[in-house]
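Report on the structure given below.
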Amino acid sequence: MFRIVWYAAALRPGVILVDHSEAESKTLDASAEFQLDLDGKRVSLQAHIRGDDRSVELTVSGDVDGSALESYVDGLTQEIESLIKKFAAMDEATQQRVDRALLAKACWDRVIAGVLKKSPSSDIYFQLAHGREMIIKATEGEDVPPMALTTSSWISNIESLPQDEPLPASVATDLAKKCVEWKKETLEILRRYL
C-alpha cells in the first residue's frame, strides 16, 4: 500500500521527494515527504503508513488557501482509493509486476532526492541498481525496456567514482535529467495496470 500512496502522491508533474523512511520490522511503518506546487506556491505533503492498522495519514501544509489544500487532499485520497481497488482486483502475478514497477519508480525518485541532497555516490548507486533490477523484473517476458540498458551504463559510470563523496555536479545534473526520463517510462508501464 505504501508504494501505491507514493505513486499517487508523486503523479503530479514537478513533485519532488524530500525525505522518506521505512522501518524494517514485522509491521510497516513508513513515511515520505514530497514538495509540490499548488496554485503557484510550494506545498509539503507528508504520507505516513502504519501497517498494523493499515492506515494512511496525509498531511499537507503550505501558504495556500485552505480550500485548495482540502480539494487537493480529497482528490489524492480518491486517487489512492481507486488505485488500491485496481491493485486488489489483479491476480498475484500482475500484482508482483506492479509492485516491482512501483518500487522502480520510488528508486528513481530516491536518486533525484539523493542528487539534490548531495548524498554519497554509493547511495545513488544502490538506488540506481535496485531500480534497474526492479524494472527488469517488472517487464520480464516483454521486450527489454530501453531504460534497462541506459541504467546499466550509468551504474558503470558511478562505480568508478569515489563512493563516499557526492556525484560531480555535471554527472549529478545529467543523472537527475535521466531519472526524469526513467520515471516517465516507468509510469507508462504502470499505466497499463493502474
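The values are calculated or read from the model by the stated rules, or taken from the named source; none is laboratory data. A quick note: this is a predicted structure, and the numbers were derived from the prediction, not measured. For neighbour counting, all protein chains shown are included, and Cβ atoms are generated from backbone atoms with ideal geometry for every residue, glycine included.
Figures for the structure shown
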| quantity | calculated |
| --- | --- |
| Residue within the range 61-79 that is within 20 Å of LEU187 (Cα to Cα) and not in a helix (DSSP H, G or I) present | no |
| Count - residues of the range 156-194 that are among the aliphatic types (A, V, I, L, M) and surrounded by fewer than 16 Cβ atoms within 10 Å (Cβ to Cβ) | 2 |
| Conditions (1) surrounded by 14 or more Cβ atoms within 10 Å (Cβ to Cβ); (2) out of contact with any Gly (no Cβ under 6 Å at 6 or more places or on another chain): number failed by GLU22 | (1) |
| Any chance LEU36 is buried (at least 19 other Cβ atoms within 10 Å of the Cβ), of a type in the set (A, V, I, L, M, F, W, C), touching a Lys or Arg at 6+ places or on another chain (Cβ under 9 Å) and outside the structural domain of LYS184 (by TED's automatic domain parsing) | yes |
| Residue pairs meeting the criteria (Cβ under 6 Å; at least 6 apart or on separate chains; first at pLDDT 95 or above, in the range 79-91; second assigned to a loop (DSSP other than H, G, I, E, B)) | LEU83/LEU194; LYS86/LEU194 |
| Selection status of LEU36, within 22 Å of LEU187 (Cα to Cα) and either touching a residue at least 60 places away in the same chain (Cβ under 8 Å) or touching a helix residue (DSSP H, G or I) at 6+ places or on another chain (Cβ under 8 Å) (or both) | no |
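Each row is one residue, and each column tells you yes or no for (1) acidic (Asp, Glu); (2) assigned to a helix (DSSP H, G or I).
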residue: ALA104; (1), (2): no, yes
residue: VAL115; (1), (2): no, yes
residue: ILE136; (1), (2): no, yes
residue: VAL144; (1), (2): no, no
residue: SER156; (1), (2): no, yes
residue: PRO162; (1), (2): no, no
residue: GLU185; (1), (2): yes, yes
residue: GLU188; (1), (2): yes, yes
residue: LEU194; (1), (2): no, no
